[in-house]
Amino acid sequence: MTYVDGFVAAVPTANRELYRKHAEAAAVVFKEHGALRVVECWGDDVPEGKLTSFPMAVKRTQDETVVFSWITWPSRQARDAGMKKVMADPRLQPDANPMPFDGKRLIYGGFEVLVDA
């Protein structure tokens, strides 16, 4: 069964194109190291919550947009091995491909697929 890494971040709205280029470059590296698919989604209908919400989770400010992303891997083992290679890849080091958002507010996690209909 496939394995999924999920991400939610707040990106300055003015950095949309910069983020797209950053994500496209990163996607190449992830796929070279075993990822099956990389999907980046720019928030379009992401409501504020009263108790919980994507904007609250990433402490989104008025000049930011919520981004929701996921990477699909063949397995947890492939993800663990691939992610080590991705993190060591010089193309994704901060000086080569800096993150156009505050990485301290990035939410991420790995998920075992339960249903894929």
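Overview of results
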{"item": "Residue-count net charge about D102 - beta-carbon cut-off 14 Å; Lys, Arg +1, Asp, Glu -1", "result": "+2"}
{"item": "Positive minus negative residues near A81 (Lys, Arg vs Asp, Glu; Cβ under 15 Å)", "result": "+1"}
{"item": "Three-way shape call for the chain based on the alpha-carbon gyration tensor, with the a/c threshold at 1.5", "result": "oblate"}
{"item": "Helix axis angle, 76-88 relative to the chain longest principal axis, alpha carbon, degrees", "result": "70"}
{"item": "Signed unit charges on C-beta, dipole axis of the chain, positive-most listed residue A9, P98, G43", "result": "P98"}
{"item": "For the range 42-117, size of Cβ-based charge dipole, Lys and Arg +1, Asp and Glu -1, in debye", "result": "340"}
{"item": "Projected label distance in nm at A96 and E112, using a 7 Å step from Cα toward the beta-carbon", "result": "3.4"}
{"item": "Extension gain (nm, one decimal) between T61 and A25, 0.36 nm per residue minus Cα-Cα", "result": "10.4 nm"}
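Here, each number is a calculation from the coordinates, and none is a lab measurement. Note that the coordinates shown come from a computational prediction; the quantities given were computed from them, not determined experimentally. As a convention, Cβ positions derive from the backbone with ideal geometry for all residues, glycine included, and neighbour counts pool all protein chains shown.
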